[in-house]
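Here, each number is a calculation from the coordinates, and none is a lab measurement. Predicted model, so just to flag it, every value in this text is computed and none were measured. FYI the Cβ positions are ideal-geometry reconstructions off the backbone, even for glycines, and counts take in every protein chain you see.
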């Protein structure tokens with residue numbers, strides 16, 4: 001299946017659990033936005049959450065039950081899609097780290113040229 | 001980097017724009033909710049207002065996590081560095097702005113407003129490179 005993934009990292013000074021949002025476009029014609037990339041801090045694991053809506057149903061504690069607006073319907077494709085979203089997120093983090101290093105280097109070179 | 005458009009076309013333009021390199025920001029966190037906004041923004045010079053797309057996240061006690069709940073448009077009145085938004089609504093740019101203006105401008109005027117799409121990181125990067 002042909003699809004593309006775009007990821008935006010969430011910058012947080014306080015270290016929130018929402019690490020990014022992904023947009024997936026299927027076949028250049030169908031787009032799903034606001035797919036969340038979340039971190040379970042206890043397990044130190046990233047996971048993907050599809051966009052959800054509030055249903056009228058309540059759980060045993062009386063809390064609102066949220067349901068996915070859309071989701072992969074086979075385990076194989078879910079594994080593939082979520083794996084690729086997390087991979088895209090990791091790539092953007094590596095790219096950003098490299099860019100930060102370049103910026104630091106530029107600042108260092110500039111400050112040296114003033115000496 | 002600034003790109004100028006009419007407000008009625010901005011959402012379509014944004015849908016086709018690659019904003020991958022621009023990180024989102026958490027602009028507010030309290031016990032129950034967190035407001036996350038996109039790093040890019042839309043400036044309307046005529047009204048001196050700034051619009052940003054965002055997501056309201058709510059705290060889920062069971063999961064012990066903030067989870068995305070609904071998408072919003074966030075309005076800022078001043079420079080974005082101050083970080084204080086003045087209003088947000090679960091709607092697009094035009095409707096959110098029209099509600100905020102509360103009849104001071106007609107929808108016909110609002111859709112024709114000139115606005116600039118600003119990609120801050122990109123602008124900073126280019127400035128540094130020069």
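For chain B, evaluate the Debye formula with one uniform point scatterer on each Cα (no solvent term) and list log10 I(q)/I(0) at q = 0.10, 0.15, 0.21 Å⁻¹, rounded to two decimals.
Debye intensities relative to I(0), on a log10 scale: -0.34, -0.74, -1.29.
Can you compute the modelled spin-label distance between residue A:29 and residue B:102, with each label point 7 Å from Cα toward Cβ, in nm?
With each label placed 7 Å out from Cα toward Cβ, I get 4.6 nm.
Would you mind checking the tilt of helix A:75-114 against the longest principal axis of the Cα atoms of chain A, expressed as 0 to 90 degrees and rounded to 10?
The angle comes out at about 20 degrees.
At 7 Å along Cα-to-Cβ for each site, give me the label-to-label distance between residue A:74 and residue A:45 in nm.
2.4 nm
Would you work out the relative contact order for chain B, in percent, from Cα pairs under 8 angstrom that are 6 or more residues apart?
Result for chain B is 31 percent.
With label points built 7 Å along Cα→Cβ from the Cα atoms of residue B:58 and residue A:4, find their separation and express it in nm.
Reported label-point gap for residue B:58 and residue A:4 is 3.4 nm.
Would you mind giving the mean number of other chain beta-carbons within 10 Å of the Cβ of each residue in A:32-42, as a whole number?
Whole-number average of other-chain Cβ neighbours for A:32-42 is 3.
How long is the protein assembly as shown along each principal axis, judged by its Cα atoms, biggest number first, in Å?
Here the Cα extents, ordered largest to smallest, are 61, 54, 40 Å.
Find the all-direction average of the projected area of the Cα convex hull for chain A, expressing the result in square nanometres with one decimal place.
Working: hull surface 44.9 nm².
Value for chain A: 11.2 nm².
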